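The values are calculated or read from the model by the stated rules, or taken from the named source; none is laboratory data. No experiment lies behind these values; they were computed from the predicted model shown. Please note: Cβ atoms are built from the backbone with ideal geometry, for glycine as well, and neighbour counts cover all protein chains shown.
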Amino acid sequence: MMTMRATAFVLCSASIALSACGEKTSGAARKADVPAFQGTTGAAAYAAGGWKAGDQAAWEQHLRTRMQGQNEYARVPSQP
């Protein structure tokens, strides 16, 4: 009786563990066919002011400025 329960437990555990292997992605993968700094067609409403699509230098400068605003060491005032 005990071996039958143990066998059933092992089989159920194995089926649960293997069911996770067949999980599909949700389809939210980003396509890497266009560089981010080039933008998309018709997305002027989502572009930051002063930036035009295709301007890689302005894009990189904007990212550096944004990252510096998130840097905790730069935000905290120095103590005397």
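LEU63 falls short on exactly one of the conditions (1) part of a loop (DSSP other than H, G, I, E, B); (2) surrounded by 10 or more Cβ atoms within 10 Å (Cβ to Cβ); (3) modelled with pLDDT of 70 or more, and that condition is (1).
Among the candidates ALA29, ALA17, ALA53, the residue that is among the small types (Gly, Ala, Ser), assigned to a loop (DSSP other than H, G, I, E, B) and at pLDDT 70 or above is uniquely ALA53.
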